Amino acid sequence: MTVLEYDGFAWDILAARTAATPHKDFLRFYGESLTYERLAALSSDYAARLARFGVARGEIVPTFFGNSAAAVATWFALMRLGGVWAPINTEFRGEQLINAIRLTGASLLIVDARNVDGIRAVLGQLPQVRRIIVHGSAPPASSGTVEFSRLEELPGGSPPAPVRLERANLAMIQFTSGSTGVSKAVQLSHGYLVGQARLTSQYFDLRADDVLYSPFPLYHWDAAIGTVMGALVCDATAALAERFSVSRFWDDIRAFEATMFDYMGATLAFLFDRPPSPRDREHRVRLAWGIPMPEFREAFEARFGFPLLEGYGSTEGGVSVFQSFGESYPKGSCGRAAPEYTLKLVDDDGNEVPVGEVGEILTKPHDPTMMMSGYLNMPEINAELIRDGWYCSGDLGRLDAAGNLYFSGRKKDIIRRRGENISALEIEREIECHPSVLEAAAFGTPSRFTEEEVTVAVVLRPGCTLPAAELQAYCAGRMARYMVPEHVLFLGRLPRTPTEKVAKAELKRLWAQRRGEPSHG
């Protein structure tokens, strides 16, 4: 039976794995492993406690956890009850945290003891919150209108039978990282969770004997769907670190006995920039997959001894384009559309562009549950993004005659200067070819001549120096005159979201602060 032929919801698959391979490791964390049987038992226990506490079918329940067995068990317990899991970014603070919880309309929160203080700090602005269940140490005393309880002390007993649901029923709310603005709540169905895991696992060749490692948080697609759900549908093992660490990465890979890992953002650049070591090939990794593919792909593969695969997609539209294991692709391509999707590129008027020309990427799954069910409480934005079953990504790309997709950047990451639309991604790729540059992020800043000026934030490699004028001269020899940065901002590190995306809104605010101007980001 292939991955795509297996039918059932996540809870049904967990039950099948528990029956067939009960003692096989499903999850590995630092100092802790859970077999399929143990995760099923722990999730059932949590479900029993939450059911007696009144969690109902269709209820959105935000959680505030780091990567842990309790976080995954809470997720599966909510799925068993028909609830909707809404894991909140544990880096959210203040207004960002308030807005996320307020958007869900939730009256109940489930929080790890380590994160209670962050929630308590904003409770005064969340009058709809009435109950907080704390996992771990004893919770604070109940006060005002908010009742605190400890998860482990709630009444237990026999869990209710798993709620029967449809594929289109909501399973999860995932908050966008807010790399370019305010976070949105992406609604994901049960069909999405299982379907995307099956699809990704098939094209990236995940097998039952694999240990898939992810250093990213469970509130992100890569860890929750690509890793945990991916392992589940293939009877494999998922290994989760607490966070991405350059210095600890390969030690984690060895300790978890990982055979695969996923990457995103600048993670490969950070790993490749480390000094070569005799232990670079001392691991069991047979491949890694993610977005985006770096320019130094071949050198990375030669140094560490395994292939890198790329794809294209998003939480909203699902992963729809893949580089399949064992096949070759032209340099710069992120693969070809999976047969389960239709893909087209259109101009600003919605007309398809010819082969080789850049257009907005639109994708349409044959199964509608394989993309998001829209943003929560944002009907106007949903109407703009989803048209006749097509997801309008806001991404730019081009196709060659063989159907290979080449990502060209974000429509909203376009800098408008002197009548020209400039791709920030193209500027960044050129600058990162400079031997002294580790990373670069290009963005538009206000110009007194209207439109925008090109500004670039640059992180240099350790021990390197590079005057701004020298970098600008380098750019002048490699790109169109209107693309050459007018301003260079040298930083020790680029501000990032917890999922390693460059936070360009933060860069714009930082630039405005330094210039003493109001932020337009």
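Every residue in the stretch 395-408 that is acidic (Asp, Glu) and assigned to a strand (DSSP E or B), please. Before you say what the answer is, go through the steps one by one.
Here is the first cut: in the stretch 395-408, the ones acidic (Asp, Glu) are 395, 400.
The one that is acidic (Asp, Glu) and assigned to a strand (DSSP E or B): 395.
This table checks each residue for (1) part of a helix (DSSP H, G or I); (2) not aliphatic (A, V, I, L, M).
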| position | (1), (2) |
| --- | --- |
| 22 | no, yes |
| 45 | yes, yes |
| 92 | no, yes |
| 95 | yes, yes |
| 100 | yes, no |
| 103 | yes, no |
| 110 | no, no |
| 115 | yes, yes |
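Going by the structure shown, is residue 506 at pLDDT 85 or above, of a type in the set (Asp, Glu) and under 30 Å from residue 87 (Cα atoms)? Reasoning before the result, please.
On the way: at pLDDT 85 or above: yes; of a type in the set (Asp, Glu): yes; under 30 Å from residue 87 (Cα atoms): yes.
It is true that residue 506 is at pLDDT 85 or above, of a type in the set (Asp, Glu) and under 30 Å from residue 87 (Cα atoms).
It is to be established whether one or more residues within the stretch 239-259 are buried (at least 20 other Cβ atoms within 10 Å of the Cβ) and on the phi > 0 side of the Ramachandran plot.
no
Can you tell me which condition residue 426 does not meet? The list is (1) of a type outside the set (A, V, I, L, M); (2) surrounded by fewer than 20 Cβ atoms within 10 Å (Cβ to Cβ); (3) over 30 Å from residue 339 (Cα atoms); (4) within 25 Å of the chain's Cα centre (by Cα), and all the others hold.
So residue 426 meets the others, but not (3).
Suppose we keep only residues that are at pLDDT below 95 and not in a loop (DSSP other than H, G, I, E, B) within the stretch 51-69. Which one would you say is farthest from the chain's Cα centre (by Cα)?
52
For a quick check of your reading: which helices (runs of 4 or more DSSP H) sit entirely within the stretch 240-337 and have at least 1 residues that are in contact (Cβ under 8 Å) with a residue 40 or more places away in the chain and of a type outside the set (A, V, I, L, M)? Walk me through it before giving the result.
Values: elements: 249-256, 267-273, 297-304.
Filter on the stretch 240-337 gives 249-256, 267-273.
Just wondering, is there one or more residues in the stretch 185-194 that are in a loop (DSSP other than H, G, I, E, B) and either surrounded by 15 or more Cβ atoms within 10 Å (Cβ to Cβ) or of a type in the set (Val, Ile, Thr) (or both)? Even if it seems obvious, please write down each step before you answer.
As a first pass, look at the stretch 185-194 and keep what is in a loop (DSSP other than H, G, I, E, B): none.
No, the stretch 185-194 has no match at all.
Please go through the stretch 135-151 and pick out each residue that is farther than 16 Å from residue 122 by Cβ, surrounded by 12 or more Cβ atoms within 10 Å (Cβ to Cβ) and without any contact (Cβ under 8 Å) to a residue 24 or more places away in the chain.
Keep residues of the stretch 135-151 that are farther than 16 Å from residue 122 by Cβ, which gives 135-139, 141-142, 147, 149-151.
Filter once more, keeping what is surrounded by 12 or more Cβ atoms within 10 Å (Cβ to Cβ): 135-136, 139, 142, 147, 149-151.
Correct list: 142, 147, 150.
Of the conditions (1) of a type outside the set (S, T, N, Q); (2) surrounded by 13 or more Cβ atoms within 10 Å (Cβ to Cβ); (3) more than 25 Å from residue 346 (Cβ to Cβ); (4) in contact with a Ser or Thr (Cβ under 6 Å, 6 or more places away or on another chain), residue 454 fails just one. Which one is it?
(4)
Does residue 206 satisfy the condition of being outside any helix (DSSP H, G or I) and either out of contact with any His (no Cβ under 9 Å at 6 or more places or on another chain) or of a type in the set (D, E, K, R) (or both)? Let's see the steps before the verdict.
Values: outside any helix (DSSP H, G or I): yes; either out of contact with any His (no Cβ under 9 Å at 6 or more places or on another chain) or of a type in the set (D, E, K, R) (or both): yes.
Yes.
Across the stretch 6-35, what is the total count of residues that are closer than 23 Å to residue 260 by Cα, among the acidic types (Asp, Glu) and at pLDDT below 95?
Residues in the stretch 6-35 being closer than 23 Å to residue 260 by Cα, among the acidic types (Asp, Glu) and at pLDDT below 95: 1 in total.
Out of the stretch 117-134, which residues are surrounded by fewer than 16 Cβ atoms within 10 Å (Cβ to Cβ), out of contact with any Ser or Thr (no Cβ under 9 Å at 6 or more places or on another chain) and either assigned to a loop (DSSP other than H, G, I, E, B) or not assigned by TED's automatic domain parsing to the domain that holds residue 99 (or both)?
Scanning the stretch 117-134 gives a single hit, 121.
Tell me, please, whether a residue that is more than 22 Å from residue 323 (Cβ to Cβ), modelled with pLDDT of 95 or more and surrounded by fewer than 21 Cβ atoms within 10 Å (Cβ to Cβ) can be found in the stretch 289-304.
Quick first cut of the stretch 289-304, residues more than 22 Å from residue 323 (Cβ to Cβ) only: none.
No, every residue in the stretch 289-304 fails to be more than 22 Å from residue 323 (Cβ to Cβ), modelled with pLDDT of 95 or more and surrounded by fewer than 21 Cβ atoms within 10 Å (Cβ to Cβ).
How many residues does the stretch 94-114 contain that are buried (at least 19 other Cβ atoms within 10 Å of the Cβ) and more than 16 Å from residue 174 (Cα to Cα)?
Residues in the stretch 94-114 being buried (at least 19 other Cβ atoms within 10 Å of the Cβ) and more than 16 Å from residue 174 (Cα to Cα): 3 in total.
Based on what the data block shows, is residue 364 free of Cβ contacts under 8 Å to residues at least 60 places away in the same chain and part of a strand (DSSP E or B)?
Values: free of Cβ contacts under 8 Å to residues at least 60 places away in the same chain: yes; part of a strand (DSSP E or B): yes.
So residue 364 passes the test.
If residue 516 satisfies all but one of (1) surrounded by fewer than 17 Cβ atoms within 10 Å (Cβ to Cβ); (2) at pLDDT 85 or above, what's the number of the condition it fails?
(2)
Working carefully through the options 433, 392, find the one that is surrounded by 15 or more Cβ atoms within 10 Å (Cβ to Cβ) and either free of Cβ contacts under 8 Å to residues at least 12 places away in the same chain or outside any helix (DSSP H, G or I) (or both).
Details: 433 fails: surrounded by 15 or more Cβ atoms within 10 Å (Cβ to Cβ).
Result of the check over 433, 392: 392.
Is it true that residue 372 is outside the structural domain of residue 453 (by TED's automatic domain parsing), under 30 Å from residue 508 (Cα atoms) and surrounded by fewer than 19 Cβ atoms within 10 Å (Cβ to Cβ)?
Details: outside the structural domain of residue 453 (by TED's automatic domain parsing): yes; under 30 Å from residue 508 (Cα atoms): yes; surrounded by fewer than 19 Cβ atoms within 10 Å (Cβ to Cβ): no.
No: the conditions fail for residue 372.
Specify the residue that is farthest from residue 287 (Cα to Cα); the eligible residues are those in the stretch 311-353 that are within 22 Å of the chain's Cα centre (by Cα) and of a type in the set (A, V, I, L, M).
Top of the filtered list is 343.
Would you pick out the residues in the stretch 373-394 that are touching a Phe, Trp or Tyr at 6+ places or on another chain (Cβ under 7 Å) and either under 17 Å from residue 168 (Cβ atoms) or of a type in the set (Asp, Glu) (or both)?
If we filter the stretch 373-394 for residues that are touching a Phe, Trp or Tyr at 6+ places or on another chain (Cβ under 7 Å), which is where we start, we get 381-382, 385.
Across the stretch 373-394, the qualifying residue is only 382.
The values are calculated or read from the model by the stated rules, or taken from the named source; none is laboratory data. Quantities reported herein were computed from a predicted structural model and do not represent experimental measurements. Positions of Cβ are generated from backbone atoms using ideal geometry, with glycine treated the same way; all protein chains shown enter the neighbour counts.
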